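Values in this text are rule-based calculations from the coordinates and carry no lab data. Keep in mind it's a predicted model, so treat the numbers as computed, not measured. Note: ideal-geometry Cβ built from the backbone for every residue, glycine included; neighbour counts use all protein chains shown.
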Amino acid sequence: MDRCIVLVDAGYLLGAAASLLAGEPSRSRITVDHHALIQGLRERAESDTQQPLLRIYWFDGAPDRVPQPEHRRLRVMPRVTVRLGALTRSDGRWAQKGVDAAMHAELTELARNRACSDVVLVTGDGDLLPGMMAAKEHGVAVHLWAVQAADGDYNQSEDLVAEADERRVLDRAWITKAVRAREVGGVCAPPPAPRPEIAAILSAPLPESALGAPERTGEQSPRPAPAAAPNGAAERVPAPKGVPTPKDLAALRAHGSQPAAPHPPTATLRWSSDKGWVDRPGIASEPPEAVAMPTLAQLTTAEQRWADREEDITTVGGDPYEVGQVFARRWISRLGDQGHLQRLSGMYPRIPHRIDGELLRYAARFGLLAHKDDQIDEHDRYAIRAGFWREVDARTGTERTPVGE
């Protein structure tokens, strides 16, 4: 049929892009705008082949073949199909298993069924040579695309290059339309859209009355201001020793050292919980209005649960900020008493324990909050909560002033 198909080996494409832009093949050294990348692949394929696109197949590895957030974002895009192989770790290095075999099987099956007239391969692995030859025997024109090599040498099998009908090199100018190198400090340049809400949650000042510094630390020391990151979001700096946690403040109130009234709503309490509401003996509980707030599960019917799952699978990409917004939108739309919403807004930036735990468990469905390099990604947690607050603020008409303004 007169249409084209693109088969992308993501490990090759993004690894070669990282080598080109960051000097090493680690994908953690780059940030990718997947929407721009897919659009670029589609436009280039249709231009080179002079055929309309049927589909882009994205082949990648994932631990236990479980889709990661980037795979969820990709698979809900139109004309994109994600195929996952295994990702295993050996001697401290990650390696894909089964990706080449899946690409070979897809290529030969598409050619045998005459599903396309042209196929574009974005890969460098010589293991695909038999599949390329089989596709040609079925009358399919094979276009081989390479990523410009960092060292000026081939980063593709020479046999693949020799066998291809057409070859194209994706140069630095094309790659940088969708891929950026991270700076040494881990900040992307140029950055994605800034999230001032995350900076506000991370860095809102604690009131001096909450510090109790002379009694707790023996000496008042000025609290360092958060460093401003180039992307507009403040860098996280560890809380100085002596800054009380929510547990500390609750204990102070319980022993009469602090007024019974809740702390000012502008205070940031650095806390984290993915276990929902937990009663701790001897510690003051949350205010009654927070405890009385219904959870999303309590507000959701069986029919709505099915519709929510359908939406999660088909339209929610899995960006942590987006996940927080989706959860908040559902919770707000199902509230019978809208007074809960106004009371919640006054509790910023702290989300009641039960609702926050439910929010984080919902985010875990999308592969967020997982261990990354043996550490839980706290930035994802803040982004999830920032998305939640953005939706609440949009419904209540609240304007939050980012820190530093």
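Neighbour counting of Cβ atoms within 10 Å sorts the residues D100, D356, D165, fewest neighbours leading, into D165, D100, D356. Neighbours of L84, meaning other residues whose beta-carbon lies under 10 angstrom from its beta-carbon, give a summed charge of +1 when Lys and Arg score +1 and Asp and Glu score -1. Neighbours of A95 by Cβ distance under 15 Å: Lys/Arg scored +1, Asp/Glu scored -1, total -2. Put a plus charge on the Cβ of each Lys and Arg, a minus charge on the Cβ of each Asp and Glu, and nothing anywhere else: the dipole of the range 4-181 about its Cα centre is then about 840 debye.
Sparsely packed loop sites in the range 29-98 (the trypsin sites (Lys or Arg not before Pro) outside DSSP H, G, I, E and B with at most 16 other Cβ atoms within 10 Å) comprise R79.
The simple Förster model, with R0 at 41 Å and r as the Cβ-Cβ distance, assigns T295 and W94 a FRET efficiency of 0.65. At full extension, R167 and R112 could sit 17.6 nm farther apart than now, given 0.36 nm per residue minus the alpha carbon distance. If you plug the beta carbon distance of A181 and V66 into 1/(1 + (r/R0)^6) with R0 = 35 Å, you get a FRET efficiency near 0.80. Points 7 angstrom from Cα along the Cβ direction at K136 and E378: gap in nanometres? Each label point is offset 7 Å from its Cα along the Cβ direction, giving 5.6 nm. Each Cα pair under 8 Å and six or more residues apart adds its separation to the average, and for the range 4-181 the resulting relative contact order is 27 percent. As a rough footprinting exposure proxy, the listed residues H34, H353 were ranked by other beta carbons within 10 Å of their own, and the order from fewest upward is H34, H353.
Put in order of Cβ neighbour count within 10 Å, fewest first, the listed residues M293, M133 become M133, M293.
A cut-off of 5 Å between modelled amide H atoms, ignoring neighbours fewer than 5 places along the same chain, links I30 with R182. At full extension, T81 and A101 could sit 5.6 nm farther apart than now, given 0.36 nm per residue minus the alpha carbon distance. For the range 312-325, 3J(HN,Hα) computed residue by residue from phi via the Karplus equation (6.51, -1.76, 1.60; θ = phi - 60°) reads 4, 6, 9, 10, 7, x, x, 4, x, 5, 5, 4, x, 5 Hz, glycine and proline entered as x.
Using the Cα gyration tensor of the range 4-181, with a ≥ b ≥ c the square roots of its eigenvalues, what is the shape: rounded (a/c below 1.5), prolate (a/b larger than b/c) or oblate (neither)? The shape class here is rounded.
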